[in-house]
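What follows is a single structure, written as structure tokens, with notes after it.
Please treat every number below as a calculation from the coordinates, not as lab data. Just so you know, these numbers come straight off a predicted model, no measurement behind them. Cβ placement follows ideal geometry from the backbone for every residue including glycine, while neighbour counts extend to all protein chains displayed.
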Amino acid sequence: MHTAYITHPEFLKHDMGADHPECPARIHAIQDQLIASGLFDYMTPYEAPKASKDDLARVHAAEYIDMVFSKSPESGLIDLDGDTAMNPFTLEAALLAVGAVIKAVDLVMSGEIENAFCNIRPPGHHAGRAKASGFCIFNNVAVAAAYALEKHGLQRVAIADFDVHHGEGTEDIFHDDTRVLLCSTFQHPYYPFCGADSGNEHVINVPLAARSSGVDFRAAVTEQWLPALEQFKPQLILISAGFDAHWEDDMGGLALRENDYFWVTEMLKDVAKRHANGRIVSALEGGYALHALGRSVMNHVKSLGL
């Protein structure tokens, strides 16, 4: 298996409270399932490095970055928005989450590994240029896309986002940047209540009605994502890998199953093999039903490793 596994123990210390769904146990649920399945033995583990302020500044406003750093508490919790809080370890975790995806980009671009899965938190796709939102502080995948364009000289990077929630932060960042193709499926109308009519030729938003199944999801990918990706010819594919569209996850109302995540990963691998030398970097976004999350990531990683 030519798949990297990138994480860090500090992700377990970011804790927004006992009842918060974006909890440290998500990291364990994924890693435990990968170990139990035997897949972990075939992955190459790496420890995430910290991203720098300069890395963040490729997509985030300097004033916003400084604000997040200044708000990092010495104790207790500080709210950044109604859903997103920082404890004394959050800033470190957020920098490591971004750093993990940057590290993965470097690994696939060097040819050291073919693809990577980043088991990280906090997630990122709701974070915009100058705002935290929906459990997200810095936009991990967006920073990595901008890094790949600048540091590796790429001209075309694709982002595929199958989280149940629209990644409005990623769209905000790249809406006018034709070097980045964003393909997104999400439940609509649903949080963050946007995206249905904001796409363009390089932002392929496909809203799905509540209770949509894997049949509907596969049709959206086949009919809208894949033709756009084929025309775009990405040199690198980044995945905002949210698993909260699973039927067991009550954070959403879609009805995907584990084999849908395996299937969409296969589709993206086919595109990557044709245009990107197989280069794929996947980063965890949502997924809050812990058993379903572990099984879904296992199927996603199984495809990456085939």
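Side notes on the structure shown:
- Estimated translational D of region 3-305 in µm²/s (Stokes, Kirkwood radius over Cα pairs; 4 °C; 1.567 mPa s): 70 µm²/s
- Of the DSSP H helices in the chain, those whose Cα atoms cover at least 27 Å axially and whose Kyte score averages 1.6 or more: 90-110
- Pairwise label distance in nanometres, ASN259 with VAL215, each label 7 Å out on the Cα-Cβ vector: 1.4 nm
- Extent of region 133-221 along its three principal axes (Cα atoms, max minus min coordinate, largest first): 41, 27, 20 Å.
- Per-residue extension of 0.36 nm, minus the Cα-Cα distance of GLU150 and ASN277, leaves a gain of 43.8 nm for this segment.
- With the helix formula -39500 (n - 2.57) applied to DSSP H stretches of n ≥ 4, the chain reaches a computed 222 nm mean residue ellipticity of -11500 deg cm²/dmol.
- Least to most buried among ILE173, ILE113 (fewest other Cβ within 10 Å first): ILE113, ILE173
- Computed on the chain, with alpha-carbon pairs under 8 angstrom and 6+ residues apart, the relative contact order is 20 percent.
- Region 104-156: C-alpha gyration tensor shape, a/c 1.5 cut-off, then a/b vs b/c: oblate
- Label-to-label distance, MET67 versus THR222, with points set 7 angstrom from Cα along the beta-carbon direction: 4.5 nm.
- Neighbour-count ranking [beta-carbon atoms within 10 angstrom, fewest first] of LYS50, LYS71: LYS71, LYS50
- Average Cα contact separation per residue, region 183-306, under 8 Å, 6 or more apart, as relative contact order %: 25 percent
- ALA196 sits among other residues whose Cβ lies under 13 Å from its own Cβ, and their net charge, with Lys and Arg +1 and Asp and Glu -1, is -3.
- Pairs beyond 21 Å (Cα-Cα), from LYS50/LYS233; LYS71/LYS131; LYS131/LYS233; LYS53/LYS103: LYS50/LYS233; LYS131/LYS233
- Each of the peptides 264-270, 52-58, 118-124, 275-281 was scored by the mean count of other Cβ atoms within 10 Å over its residues; in descending order, highest first, they stand as 118-124, 275-281, 264-270, 52-58.
- Cβ-Cβ distance of ALA130 and ASP41, R₀ of 41 Å, FRET efficiency by 1/(1 + (r/R0)^6): the value works out to about 0.45.
- Cα centroid separation - region 176-220 against region 92-130, whole Å: 22 Å
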